[in-house]
Amino acid sequence: MTIKILGPGCKNCVSLADNTKEAMAELGIEAEVIKVTDYADIAKYGIMSTPGLVVDEKVVSFGKVLKPKEIAKILEKLS
C-alpha cells in the first residue's frame with residue numbers, strides 16, 4: 001500500500017500526515033507514506049484544495065484534515 005499526502009507542507013498537511021500515521025499504527029498497517037509538495041504533481045490528481053489523501057493512486061479525501069478514526073475506516077475498506 002502506498003499513501004500520499006498532497007500539500008505544500010502547511011500545518012494542515014502535517015496534521016493529516018500525523019493522523020494517517022496514527023491510523024496506520026492503530027490498525028497495524030504498514031505502508032509507504034509519501035509527501036507530495038510540488039503543485040504540478042498535486043494538480044495531476046485533480047484536486048484544487050489541500051491537504052489531499054491518496055491511497056494506491058486513488059484520491060480518498062481533499063480539502064480537510066481527517067481524524068485518525070476517519071482515516072482508519074478508509075484504510076480498512078481499501079486493505
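The values are calculated or read from the model by the stated rules, or taken from the named source; none is laboratory data. This is a predicted model, so every value here is computed, not measured. Don't worry about glycine lacking a Cβ; one is built from the backbone with ideal geometry, like all the others, and counts go over all protein chains shown.
Quick check on Glu30: is it of a type in the set (D, E, K, R) and part of a loop (DSSP other than H, G, I, E, B)? Answer is yes for this residue.
Leu75 meets each of the listed conditions (1) surrounded by fewer than 18 Cβ atoms within 10 Å (Cβ to Cβ); (2) of a type outside the set (Asp, Glu); (3) modelled with pLDDT of 95 or more; (4) assigned to a helix (DSSP H, G or I) apart from (1). Given the conditions (1) touching a helix residue (DSSP H, G or I) at 6+ places or on another chain (Cβ under 8 Å); (2) free of Cβ contacts under 8 Å to residues at least 40 places away in the same chain; (3) buried (at least 20 other Cβ atoms within 10 Å of the Cβ), report the number of the one that Glu30 does not fulfil. The one condition Glu30 does not meet is (3). Is it the case that some residue within the range 12-25 is modelled with pLDDT of 95 or more, among the charged types (D, E, K, R) and either exposed (fewer than 12 other Cβ atoms within 10 Å of the Cβ) or assigned to a strand (DSSP E or B) (or both)? Within the range 12-25, none of the residues are modelled with pLDDT of 95 or more, among the charged types (D, E, K, R) and either exposed (fewer than 12 other Cβ atoms within 10 Å of the Cβ) or assigned to a strand (DSSP E or B) (or both). Only one entry in Ile42, Ile5 is assigned to a helix (DSSP H, G or I), surrounded by 12 or more Cβ atoms within 10 Å (Cβ to Cβ) and modelled with pLDDT of 95 or more, namely Ile42.
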